[in-house]
Amino acid sequence: MKGWLGRVLFQLNLPIIRRILNGSTRVRVVVTDNDEQNVLLIKNLLSRQKWSLPGGGVKSGESFEAAASRELKEELGLNLPPQAFEPLDSFNHLEAETKADWQAVILKCAIPRSTNFAKRRYELLKHGWFALDKLPSDMTDLTAKVLERHNP
C-alpha cells in the first residue's frame with residue numbers, strides 16, 4: 001500500500017516537483033562496497049519507484065560533498081564525512097520521469113557491504129546491494145547512464 005500511495009502522490013505533485021527540480025543542482029552518489037563489485041541503489045517512496053542512486057538537492061552554500069553526506073544520513077542513516085566522497089562526473093540532465101532539466105553532480109564512495117542502514121526512512125521504499133554485472137532493469141535513466149559510463 002505504501003508504494004501505491006507514493007506513486008499517486010508523485011503524480012499529483014508532478015508540476016510542483018518539476019518546478020523544484022528545473023534548474024537545480026543535485027548530487028547522486030555511486031556507493032560501492034569496498035571491493036567495488038556491488039552498488040547500493042534505493043527506491044524513493046515519492047517517485048515512479050525505479051531503482052536509483054542515493055542523493056538529493058544541494059543547499060545554498062553547501063559543498064557537493066557535504067550535500068552527499070547529509071543526503072546519505074537522511075536516506076540511509078549513514079554517518080560519512082564529506083571527505084569520504086570523491087568527484088566522479090557532472091553534467092546537465094533532462095530527467096525522463098519528471099521532464100525536469102537539472103545539473104547532476106556525481107560523487108562516489110565505498111563502504112563495507114556489511115554496513116547497517118537505518119530502518120527505511122519516510123523517504124525510501126527500499127534499498128539494496130546489486131552486483132555490477134546484475135543490475136536491475138527498472139533503474140532511472142540517470143542511474144543507468146551513470147553506471148554505464150562509470151562502472152567502477
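Tabulated data
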{"quantity": "Test: residue in segment 108-125 that is at pLDDT 95 or above, of a type outside the set (Ser, Thr, Tyr), in contact with a Pro (Cβ under 9 Å, 6 or more places away or on another chain) and buried (at least 17 other Cβ atoms within 10 Å of the Cβ)", "calculated": "yes"}
{"quantity": "Residue pairs meeting the criteria (Cβ under 8 Å; at least 6 apart or on separate chains; first in contact (Cβ under 8 Å) with a residue 12 or more places away in the chain, in segment 79-98; second of a type in the set (Asp, Glu) and surrounded by fewer than 17 Cβ atoms within 10 Å (Cβ to Cβ))", "calculated": "ASN92/ASP101; HIS93/ASP101; GLU95/ASP101; GLU95/ASP141; ALA96/ASP141; GLU97/ASP141"}
{"quantity": "Residue check, GLU36 on the phi > 0 side of the Ramachandran plot and acidic (Asp, Glu)", "calculated": "yes"}
{"quantity": "Qualifying positions in segment 137-152 - charged (D, E, K, R) and assigned to a loop (DSSP other than H, G, I, E, B)", "calculated": "ASP138"}
{"quantity": "Pair list, Cβ under 7 Å, 6 or more apart: segment 133-152 residue closer than 13 Å to SER47 by Cβ, other residue assigned to a loop (DSSP other than H, G, I, E, B)", "calculated": "ASP138/LYS50; MET139/LYS50; THR140/LYS50; THR140/GLU97; ASP141/ALA96; THR143/LEU53"}
{"quantity": "Residue match in segment 104-119 (condition: within 16 Å of the chain's Cα centre (by Cα) and hydroxyl-bearing (Ser, Thr, Tyr))", "calculated": "no"}
{"quantity": "Residue that is within 15 Å of the chain's Cα centre (by Cα), closer than 19 Å to LEU125 by Cα and surrounded by fewer than 21 Cβ atoms within 10 Å (Cβ to Cβ), where the choices are LEU46, LEU78, LEU72", "calculated": "LEU46"}
{"quantity": "Residue within segment 95-111 that is closer than 14 Å to ILE42 by Cα and of a type in the set (Phe, Trp, Tyr) present", "calculated": "no"}
{"quantity": "Given (1) part of a helix (DSSP H, G or I); (2) within 18 Å of TRP129 (Cα to Cα); (3) charged (D, E, K, R), index of the condition GLU65 fails", "calculated": "(2)"}
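Residue by residue, here is whether (1) in a loop (DSSP other than H, G, I, E, B); (2) over 26 Å from PRO15 (Cα atoms) holds:
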{"site": "SER69", "(1), (2)": "no, yes"}
{"site": "LYS73", "(1), (2)": "no, yes"}
{"site": "GLN83", "(1), (2)": "no, yes"}
{"site": "LEU88", "(1), (2)": "no, yes"}
{"site": "PHE91", "(1), (2)": "no, no"}
{"site": "ALA104", "(1), (2)": "no, no"}
{"site": "LEU107", "(1), (2)": "no, yes"}
{"site": "ARG113", "(1), (2)": "yes, yes"}
{"site": "PHE130", "(1), (2)": "no, yes"}
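The values are calculated or read from the model by the stated rules, or taken from the named source; none is laboratory data. For clarity, every value in this text was computed on a predicted model and none was experimentally measured. Methodologically, a virtual Cβ is constructed for each residue, glycine included, from the backbone with ideal geometry; neighbour enumeration extends over all protein chains shown.
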